[in-house]
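Asker: Take a look at this one; I'll ask things after.
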């Protein structure tokens with residue numbers, strides 16, 4: 001782990017999405033579900049039908065505030081939802097309702113790790129690739145299931161205070177236990193009620209300056225999170241050792257092959 | 001009996017029905033036939049409607065509106081009835097639910113008679129931007145009825161509907177009401193639920209009545225206002241909307257802002273406006289000069305904010321869940337871009353582009369951010385004015401109805417139609433247009449605006465002026 | 001002031017195909033409108049708060065009580081393309 005004799009240390013921050021254990025969706029009265037037949041939990045609001053309007057779920061806001069209190073965050077005196085515009089079939093309105101400059105909670109910490117912010121948003125729908133079996137007009141088809149669309153999410157963003165894959169895994173388990181005790185979420189990674197992205201960079205040990213970071217998306221089990229972060233740290237070390245530089249990008253870790261690949265398609269949809 | 005029915009205002013018709021002198025079914029059949037004839041008339045008609053009820057009304061509950069049938073702007077969602085917002089992208093779309101405002105009016109006894117033609121997604125001031133063809137002005141078939149609620153305004157003016165529901169974003173009720181010689185009211189933002197209104201610019205859109213007289217406007221509004229659990233921005237209206245009855249304006253202070261009543265107003269409109277001021281003074285009103293220093297910038301702010309909101313609101317028309325989809329797309333991106341190319345008309349495309357540009361990184365602060373600040377200044381201007389006066393009076397539109405095709409090639413010239421109505425929209429305050437005279441045989445509108453939730457007083461003042469002005473509301477050909 | 005390249009860039013962001021004949025008029029018309037609205041750049045708006053809500057509405061939340069969802073038949077009725085399970089789209093991965 002040397003570059004011109006100096007040690008490199010990893011700097012890791014996490015963005016965790018947890019599905020809140022409410023009875024209904026974030027902005028409509030459809031019941032939350034898991035594993036039910038597709039498109040059986042929808043209404044004009046969560047389908048983004050013309051003329052429909054969102055009304056926020058009181059319990060989701062309450063859960064968000066409970067998370068903030070548990071993490072010692074500063075709670076916002078008022079909170080505003082924003083639209084994050086991008087086109088994708090899993091996003092029925094062409095924008096996701098999220099929070100931007102006035103999140104529900106700011107600051108706080110859990111254990112040694114500082115919390116940057118906690119905000120509320122709505123989950124996307126599920127897109128399943130049908131492949132050639134579902135061809136429409138000569139191209140492969142996907143099917144959109146809006147059951148999950150509009151599920152309330154709390155996004156918890158940490159400061160870059162983690163230093164290793166193991167530490168990240170341990171801390172995430174602490175967060176899971178905390179959320180479970182609060183009763184705000186099932187925090188079940190297999191069912192997708194806990195999802196984690198990691199921002200990873202390397203820097204000379206002891207340095208205050210942050211290196212260029214990459215974002216490792218949507219790892220869906222504790223084992224994969226640690227393996228994924230470890231693989232990305234190794235990739236960056238190798239790159240730097242070889243005289244190269246890290247470029248800022250969004251990456252996907254494939255647990256089967258252990259490979260890390262760049263993931264750009266959806267990013268292009270953003271402004 | 002037919003010409004007799006045509007003479008009745010909605011309030012009078014409701015009264016006759018309540019007294020047992022007229023059957024609601026007969027009234028519905030009378031207007032249904034007139035509306036259907038216009039729809040069947042093609043080029044010879046006014047093209048006011050995109051849909052007309054086929055048979056008798058689905059049994060309307062006996063409410064205070066007494067069974068008087070209602071024409072509804074296309075952009076209101078009506079269950080099982082085409083709701084296309086004047087756009088090809090929603091051609092044939094039948095929503096599975098009904099807008100709150102329409103539902104409330106139905107429950108109060110106003111059955112759905114027809115859906116009215118409009119500018120596509122309410123973007124326009126002439127009704128020439130409809131995918132279903134332009135509407136003609138009943139006063140002069142070679143002229144526009146105004147927009148975007150042009151079908152609603154022309155239908156009421158021509159006696160094809162007793163009254164109609166419209167929406168106003170920057171003048172879309174008031175300006176066509178003015179150009180067609182009827183009454184149009186934009187209520188305080190938030191007083192009527194927007195649930196089920198196909199959105200153009202959410203922070204500006206408001207539903208309101210287009211009627212033959214001020215009393216009808218009050219009668220309809222009374223049944224529309226109120227909080228709706230489906231619209232988090234809807235508010236409980238303080239008190240009830242009463243029946244306007246004032247005949248004098250003694251002690252009422254009326255403000256005339258130089259910024260909206262001088263430059264750019266054509267001579268005939270200005271003359272009719274000045275005569276209205278004389279009438280107001282004769283009724284006992286005190287006329288005062290007021291200043292709205294930022295009003296001249298309202299149009300600029302509006303043409304940043306409204307397109308910005310529309311570009312986001314119209315992102316959902318993507319060919320996935322409803323509406324048309326372009327055939328033979330090579331991939332997802334191709335499907336999106338071609339569906340939206342084929343489905344949207346030129347003005348909608350222009351505003352989506354304008355809004356996307358204004359919201360794009362690098363331009364956000366210069367356009368959207370500044371426009372939101374101008375909006376704050378405009379609201380402050382009105383607040384200051386209402387410390388001095390009760391209402392503000394302006395012409396509703398700078399011109400009378402113009403010729404079809406006259407302004408279609410020049411978007412900016414078209415946008416100037418909204419010069420006098422946009423400031424009130426940005427401030428969210430109520431404003432009413434009443435006919436105040438003719439210029440060259442075409443109606444001129446007078447706009448009265450009041451502070452938020454001043455509808456009752458505003459309607460009273462409009463009622464007094466309406467009586468004094470004694471406008472003859474029938475276009476020659478009816 | 002808006003050129004062809006910018007028009008195409010914005011059209012791409014807006015997911016709007018433009019035919020060759022639409023590009024030049026669009027550039028011209030957008031430029032004209034933007035020229036007009038540029039007047040607000042000259043106003044002194046220091047210390048002016050942007051309007052975020054026209055009327056103040058607070059605490060308008062919904063109780064977390066489920067209501068029946070809509071049937072699949074109802075929601076798929078208007079779909080341009082669907083199978084029995086849901087909405088079909090050209091695959092983003094294709």
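Throughout, read-outs are computed from the coordinates displayed, never taken from laboratory work. Keep in mind the model is a prediction, meaning the values are calculated, not measured. Note that we place each Cβ from the backbone using ideal geometry, even for glycine, and neighbour counts take in every protein chain shown.
Asker: With angles folded into 0 to 90 degrees, how steeply does helix A:58-70 sit against the dominant principal axis of chain A? Use alpha carbons for both and round to 10.
Answerer: Here the helix axis deviates by roughly 20 degrees.
Asker: Further question: Dimensions of chain C along principal axes (Cα, Å, largest first)?
Answerer: Principal axes ranked by extent give 54, 46, 23 Å for the Cα atoms.
Asker: Can you work out the base-10 log of I(q)/I(0) for region A:174-271 at q = 0.11, 0.15 1/Å, using the Debye formula on its C-alpha atoms alone?
Answerer: The Debye formula, applied to the Cα set alone, gives -0.41, -0.72.
Asker: Still on this structure, I have one more. Can you compute the radius of gyration and Dmax for region B:230-349, using only the Cα atoms, both in Å?
Answerer: In Å, with Rg to one decimal and Dmax whole: 23.9, 70.
Asker: For the pair residue C:57 and residue A:75, what calculated FRET efficiency results from E = 1/(1 + (r/R0)^6), where r is the Cβ-Cβ distance and R0 = 22 Å, to the nearest 0.05?
Answerer: Working: r = 20 Å, r/R0 = 0.90.
The formula returns an efficiency of 0.65 here.
Asker: Regarding region A:94-195, what whole-number volume in Å³ per residue does the convex hull of its Cα atoms give?
Answerer: Details: hull volume 15.9 nm³, N = 102.
Spelled out: Cα convex hull of region A:94-195, divided by residues, is 156 Å³.
Asker: Given q = 0.10 Å⁻¹, what are the Debye log10 I(q)/I(0) values for chain A, with equal point scatterers placed on the Cα positions and solvent ignored?
Answerer: With no solvent term, the Cα-only Debye profile gives -0.56.
Asker: Rounded to the nearest 5, what % of DSSP beta bridges with both residues in region B:43-181 are antiparallel? Show your work: numbers first, answer last.
Answerer: Numbers: 5 of 11 bridges.
Bridges in region B:43-181 that DSSP calls antiparallel: roughly 45 percent.
Asker: Which of A:25, A:173, A:213 moves most in a GNM of chain A, Cα contacts under 10 Å?
Answerer: Its mean-square fluctuation being the largest, the pick is A:173.
Asker: On to the next question. Quick one: if the Förster radius is 56 Å, what FRET efficiency do residue B:4 and residue B:281 give, using the C-beta to C-beta distance and rounding to 0.05?
Answerer: Working: r = 37 Å, r/R0 = 0.66.
For residue B:4 and residue B:281, the calculated efficiency is 0.90.
Asker: Compute the orientation-averaged projected area for region B:326-416 from the convex hull of its Cα atoms and round it to one decimal in nm². Walk me through the numbers on the way to the answer.
Answerer: Values: hull surface 39.4 nm².
That works out to 9.8 nm², a quarter of the Cα hull's surface.
Asker: Calculate, in nm to one decimal, what residue A:23 and residue A:164 gain on full extension: separation in residues at 0.36 nm each, minus their alpha carbon distance. Could the numbers behind the result be given before it?
Answerer: Working: separation 141, 0.36 × 141 = 50.76 nm, distance 3.66 nm.
Separation in residues times 0.36 nm, less the Cα-Cα distance, equals 47.1 nm.
Asker: Rounded to the nearest 0.05, what FRET efficiency do residue B:380 and residue B:330 give with R0 = 60 Å and r taken as the Cβ-Cβ distance? Could you check?
Answerer: Numbers: r = 52 Å, r/R0 = 0.87.
Using R0 = 60 Å, I get an efficiency of 0.70.
Asker: Can you compute the modelled spin-label distance between residue B:26 and residue A:188, with each label point 7 Å from Cα toward Cβ, in nm?
Answerer: 6.7
Asker: Once the convex hull of the alpha carbons of region B:296-371 is built, what does its volume come to per residue, in cubic angstrom? Can you show the working numbers first?
Answerer: Working: hull volume 6.8 nm³, N = 76.
Once divided by residue count, the hull of region B:296-371 is 90 Å³.
Asker: Sorted from largest to smallest, which semi-axis lengths in Å does the alpha carbon gyration tensor of chain B give for its equivalent ellipsoid, taking the root of 5 times each eigenvalue? Don't skip to the answer; put the middle values down first.
Answerer: Working: eigenvalues 188, 163, 84 Å².
One finds semi-axes of 31, 29, 20 Å for chain B.
Asker: Per-residue Cβ counts within 10 Å, from other chains only, averaged over C:42-51: what number is that?
Answerer: Working: counts 1, 9, 1, 9, 1, 1, 8, 3, 10, 15.
For peptide C:42-51, the averaged partner shielding equals 6.
Asker: Another question about this same structure. Rounded to the nearest whole Å³, what is the per residue volume of the convex hull around the Cα atoms of region A:35-90?
Answerer: On the way: hull volume 9.0 nm³, N = 56.
Given the Cα convex hull of region A:35-90, per-residue volume reads 161 Å³.
Asker: Residue B:291 to residue B:470: extension gain in nm, 0.36 nm per residue of separation minus the Cα-Cα distance?
Answerer: Details: separation 179, 0.36 × 179 = 64.44 nm, distance 2.95 nm.
Using 0.36 nm per residue and subtracting the Cα-Cα distance, I get 61.5 nm.
Asker: Given that compact globular proteins tend to follow 2.2 N^0.38 Å, what is the ratio of the alpha-carbon Rg of region B:16-132 to that value?
Answerer: Values: Rg = 14.6 Å, N = 117, 2.2 N^0.38 = 13.4 Å.
Expressed relative to 2.2 N^0.38 Å, the Cα Rg reads 1.09.
Asker: Using Cα atoms only, what is the angle between the long axis of helix C:4-13 and the major principal axis of chain C, expressed in degrees (0 to 90) to the nearest 10?
Answerer: 30
Asker: Related question: Using the Kirkwood radius built from alpha carbon pairs, what does the Stokes-Einstein equation give as D for the protein assembly as shown at 20 °C and 1.002 mPa s, in µm² per second? Let's see the in-between values first.
Answerer: On the way: Rh = 28.5 Å.
After rounding, the answer is 75 µm²/s.
Asker: Give the residues of region B:383-417 whose amide nitrogen is closer than 15 Å to a point set 7 Å from the Cα of residue C:48 in the direction of its Cβ.
Answerer: Only B:383-384 fall inside the zone, counting backbone N under 15 Å.
Asker: Hey, could you pull the Cα Rg and Dmax for region B:370-478, both in Å?
Answerer: Considering region B:370-478 through its Cα atoms, Rg and Dmax are 15.9, 48 Å.
Asker: On C-alpha positions alone, give me the angle between the axis of helix A:222-241 and the longest principal axis of chain A, in degrees, nearest 10.
Answerer: Tilt of helix A:222-241: around 40 degrees.
Asker: Additional query: In square nanometres and to one decimal, what's the mean projected area of the convex hull around the Cα atoms of region B:71-187? Don't jump to the answer; show the numbers that get you there.
Answerer: Values: hull surface 26.1 nm².
Averaged projected area of region B:71-187's Cα convex hull equals 6.5 nm².
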